[in-house]
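The values are calculated or read from the model by the stated rules, or taken from the named source; none is laboratory data. From a predicted model like this one, the values you see are computed outputs, not experimental measurements. Backbone-built Cβ (ideal geometry, glycine too); neighbour counts: all protein chains shown. The accessibility values were calculated without ligands, DNA or RNA, using every heavy atom of the protein model including side chains. Shrake-Rupley method; radii C 1.70, N 1.55, O 1.52, S 1.80 Å.
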Amino acid sequence: MAAVLDSIQSAVIARPERLRDKHGRAITDLRISITDRCNYKCVYCRTGNEGAVYAELPIGDYLRIAGVFAGLGIEKIRLTGGEPLLRRGLLELVRELRRLRTLDGAELDLALTTNGHLLEEMAAPLRDAGLSRITVSMDAVDAEKFARITRVPGSYEKVLRGIRAAKAAGLSPVKVNCVLLRGFNEDQIVPFAQFSREEGVIVRFIEFMPLEEDRLWTPESVVALKEIVEALASYRPLVRMAPNAASETAVRYTFDDGVGEMGIIAPVTQAFCGHCSRVRLTSDGKIRTCLFSQSDHDLYGVMERGGSDAELAAFIRRTVEQKEARHHIGEPGFLKPSRSMVHIGG
Ligand code: SAM
């Protein structure tokens, strides 16, 4: 009996502690930016003057880092950028990530966020490589308005074909994220709800955050959750849906007939920092513990110096432990983060 207890105990001791920060939050969600290049110049994100600013790591280095994170309890990986579909080696990366396992031996939840411009050709290969699901950013369902936002002619038609290709390839669910910005696209709320109903995709409205290269953000530029709910309810009676998980960022709605799903992500007016389970890796291998961090943590530096996986894991643990309690958007003395969204990885 004592021998059995000993072996159970040593198995428990050998089992790695899952990543947790000093506020007690379990960190299970890793976002990896694989490039900060982008083929769109969305007016609320990029100035249009700056191109790529930070380096890209070889695909194998992202993979090694992802493996170390998985060994620390990460269960979900989202590839992002910049525009991840621009990155050579993406399919190989997805194929290899698919082979990773969580600490419980399950497959990782593998997702990707894209502007959808190259998705028509890439959707089926991504699915075949093992991608589970996809989020497409799309800020208007009016073709002219969309091209004005992305500053790329013909972009709406391309992205729409990409969304349909993703559905046809069996990527599920397909989510469409729309950042609402007053004076640009707040008139798109109801058309997006109709889009969700007609195309069978989940639409999510996101409040605009002060993460742009330029200086556009003001509290007034934010189209707040309350206003989005009112606009949706003016179209048809709205029904609140139960959350999928405690750490879910979106407040979910459908209509009285159950057709369509709209989520609202309200980091500004209803911050969800208390449930944050995320950590980010930038294209140049820096860890960012919050979108609004004032500094990053050079994980790649540890690799460059020949660090072992155990040393990488120890660095990750120390860094994640210090994750910020919350952001301070809208408070006096708020400082913009040291990188803008496109250079962090959204
Ligand atoms: N290129 C990919 C795409 O378009 O989805 C991935 C990177 S992009 C930076 C990720 C997401 O961040 C997009 O949905 C974009 O709309 C969103 N985003 C960019 N700037 C933002 C801001 N200031 N506030 C809220 N969301 C923002």
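Miscellaneous remarks
- Test for Thr282: is it among the polar types (S, T, N, Q), open to solvent by less than 20 Å² (accessible area, probe 1.4 Å) and closer than 25 Å to Gly51 by Cβ: yes
- Residues of the range 12-34 classified as open to solvent by 60 Å² or more (accessible area, probe 1.4 Å) and outside any loop (DSSP other than H, G, I, E, B), total: 4
- Candidates are the residues of the range 175-190 that are under 25 Å from Asn244 (Cα atoms) and either open to solvent by 30 Å² or more (accessible area, probe 1.4 Å) or in contact with a Gly (Cβ under 8 Å, 6 or more places away or on another chain) (or both); the one that is nearest to the ligand (Cβ to nearest atom) is Lys175.
- Among residues of the range 191-206 being open to solvent by less than 50 Å² (accessible area, probe 1.4 Å) and of a type in the set (D, E, K, R), the one that is farthest from the chain's Cα centre (by Cα) is Glu199.
- Filter pass, Val94 being under 30 Å from Arg20 (Cα atoms), among the hydrophobic types (A, V, I, L, M, F, W, C) and in contact with a Ser or Thr (Cβ under 9 Å, 6 or more places away or on another chain): no
- The sole residue among Gly258, Gly263 that is modelled with pLDDT of 95 or more, outside any helix (DSSP H, G or I) and open to solvent by less than 20 Å² (accessible area, probe 1.4 Å) is Gly263.
- Here Ala245 meets each of (1) touching a Lys or Arg at 6+ places or on another chain (Cβ under 7 Å); (2) of a type outside the set (Val, Ile, Thr); (3) exposed (fewer than 15 other Cβ atoms within 10 Å of the Cβ) with one exception, condition (1).
- Look at (1) crowded, with 23+ Cβ neighbours inside 10 Å; (2) farther than 30 Å from Asp257 by Cβ and you find that Met209 fails only one, number (1).
- Residue among Val279, Val239, Val203, Val229 that alone is in a helix (DSSP H, G or I) and either away from the ligand (no atom under 12 Å from the Cβ) or at pLDDT 95 or above (or both): Val229
- Cβ pairs under 6 Å, 6+ apart, first in the range 138-167 and in a helix (DSSP H, G or I), second of a type in the set (Asp, Glu): Ile149/Asp139; Arg161/Glu120; Gly162/Glu120; Ala165/Glu120
- Filtered residues of the range 160-174 (kept if within 18 Å of the chain's Cα centre (by Cα) and either under 30 Å from Glu220 (Cα atoms) or open to solvent by less than 30 Å² (accessible area, probe 1.4 Å) (or both)): Ile163, Ala166, Leu171, Val174
- Within the range 102-130, the set of residues being surrounded by 14 or more Cβ atoms within 10 Å (Cβ to Cβ) and among the charged types (D, E, K, R) comprises Glu107, Asp109, Glu120, Arg127.
- Across the range 35-58, the qualifying residues are those that are touching a Gly at 6+ places or on another chain (Cβ under 6 Å) and open to solvent by less than 20 Å² (accessible area, probe 1.4 Å), and the one among them that is farthest from the ligand (Cβ to nearest atom) is Leu57.
- The condition (being open to solvent by less than 10 Å² (accessible area, probe 1.4 Å), within 16 Å of the ligand (Cβ to nearest atom) and among the polar types (S, T, N, Q)) is satisfied by just one residue among Ser338, Ser293: Ser293.
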